[in-house]
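One structure is given here, and the rest of the page talks about it.
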Amino acid sequence: MKLQATLYIPENEKDFHIDIYDEKAPDYQIAEIFKKGDKTIIDICNNPNDTHKELDLEEFIKVLTKSYNELNR
């Protein structure tokens, strides 16, 4: 699966968000990244169930990096 990201910057630049999609299925949103207070949030989408899980992006990246490094040792 190849991912595609689209950055949206409205007039109020503080309200930006990034949508992440499967490149071959652009109607299937995988995640959205946005600011919430002082944190950057990644909202992971589960489209078949229309559910979402908001996670701190910095923590999410740390866990992914650690997992990736362990898997590729």
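Just so you know, all these numbers are worked out from the coordinates, no wet-lab data involved. What you see is a predicted model, and the numbers here were worked out from it, not measured in a lab. Using ideal geometry, Cβ is built from the backbone for each residue, glycine included, and neighbour counts are taken over all protein chains shown.
Key figures
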{"read-out": "Options (i) 14.8, 38; (ii) 13.7, 45; (iii) 12.4, 38 - which one matches Rg and Dmax of the Cα atoms in Å as calculated here", "value": "(ii)"}
{"read-out": "Qualifying GluC sites (Glu not before Pro) in the chain, DSSP loop, other Cβ atoms within 10 Å at most 15", "value": "Glu11, Glu23"}
{"read-out": "Candidates Asp56, Asp43, Asp27: whichever shows maximal mean-square fluctuation once the chain is modelled as a Gaussian network with Cα springs under 10 Å", "value": "Asp27"}
{"read-out": "Qualifying aspartates and glutamates (Cα of each under 17 Å from Cα of Lys36; at least 8 residues distant if same chain)", "value": "Glu13, Asp15, Asp19, Glu54, Asp56, Glu58, Glu59"}
{"read-out": "Relative contact order of the chain, pairs being alpha-carbon contacts under 8 Å that are 6 or more residues apart, as %", "value": "18 percent"}
{"read-out": "Of the chymotrypsin sites (Phe, Trp or Tyr not before Pro) in region 16-61, those whose Cβ has at most 15 other Cβ within 10 Å and which sit in DSSP loop", "value": "Phe16"}
